[in-house]
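The values are calculated or read from the model by the stated rules, or taken from the named source; none is laboratory data. As the structure is a computational prediction, the values presented were derived from the model and not from experiment. For neighbour counting, all protein chains shown are included, and Cβ atoms are generated from backbone atoms with ideal geometry for every residue, glycine included. The protein model used for the area step is the full one, side chains on, heavy atoms only, and it has no ligands, DNA or RNA in it. Shrake-Rupley method; radii C 1.70, N 1.55, O 1.52, S 1.80 Å.
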Amino acid sequence: MERRSELGQLMHEEHFRTLVLICELENRVSPKAAQRPFDARNPEDRHLFEHLLAGLGEIGGHNAFEENVLFPLLRDRDDGELTALLTSEHAQMAPMVQRLHAVTREILEHGVNATRWELFCSAARALVAEMMFHLEKEELTVVQQLGAYLEPGLDHALALRYETEAHRQPRGDQRADQAA
């Protein structure tokens, strides 16, 4: 039986939280729901947008941990092809995250108008499509395999590092503009 990775469990939980957020976002910009623009007086809308800002703020730190700490340890396993692909996807999504973060913040600070709402929906749909595919790929090719890749002592040390670094704060406790 394959050993369960501590780091893999932490990353899986974060991927799951991100997936939930992305699904909520996808539901909010579905064709029917998007006909009703953001309403700051609606508690569900306000919660989603505030939660979205916090979640988007975590993505940069998460990706940096993978690229700077985890991926270098895994490169020898596949001659770097997988980690190069995942790093490339991070780079492709970074401007999408920044764009969605900026328009979400603008809507929260200045209200919604037709232009801002269309920019939000467009940015959200683009990120949802990329993020869903990326999360699935990372889960199957990296996170679920960490027990086989990392020896227990290193796995434990990396899990502690992952939990304690500044970007690992719970959603909503970190300013979203720090990492995106």
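Exposed (fewer than 14 other Cβ atoms within 10 Å of the Cβ) and modelled with pLDDT of 95 or more: does that describe THR104? In short, no. Just one of the listed residues (ALA64, ALA40, ALA54, ALA84) is without any contact (Cβ under 8 Å) to a residue 60 or more places away in the chain and either among the acidic types (Asp, Glu) or surrounded by fewer than 20 Cβ atoms within 10 Å (Cβ to Cβ) (or both), namely ALA84. Just for the stretch 1-34: of the residues that are in a loop (DSSP other than H, G, I, E, B) and without any contact (Cβ under 8 Å) to a residue 40 or more places away in the chain, which one is most open to solvent (accessible area, probe 1.4 Å)? So, considering only residues that are in a loop (DSSP other than H, G, I, E, B) and without any contact (Cβ under 8 Å) to a residue 40 or more places away in the chain, the one most open to solvent (accessible area, probe 1.4 Å) is MET1. Exactly one residue among GLU151, GLU138 is closer than 19 Å to ARG75 by Cβ and without any contact (Cβ under 8 Å) to a residue 40 or more places away in the chain, and that residue is GLU151.
On the stretch given as the stretch 12-50, residues that are more than 24 Å from PHE65 (Cβ to Cβ), under 20 Å from the mean Cα position of the chain (by Cα) and among the hydrophobic types (A, V, I, L, M, F, W, C) total 3.
Residue count for the stretch 88-140, restricted to those that are β-branched (Val, Ile, Thr) and under 16 Å from the mean Cα position of the chain (by Cα): 3. Selection of the stretch 148-180 for residues being crowded, with 18+ Cβ neighbours inside 10 Å and at pLDDT 50 or above yields LEU150, ASP155, LEU158, ALA159, TYR162.
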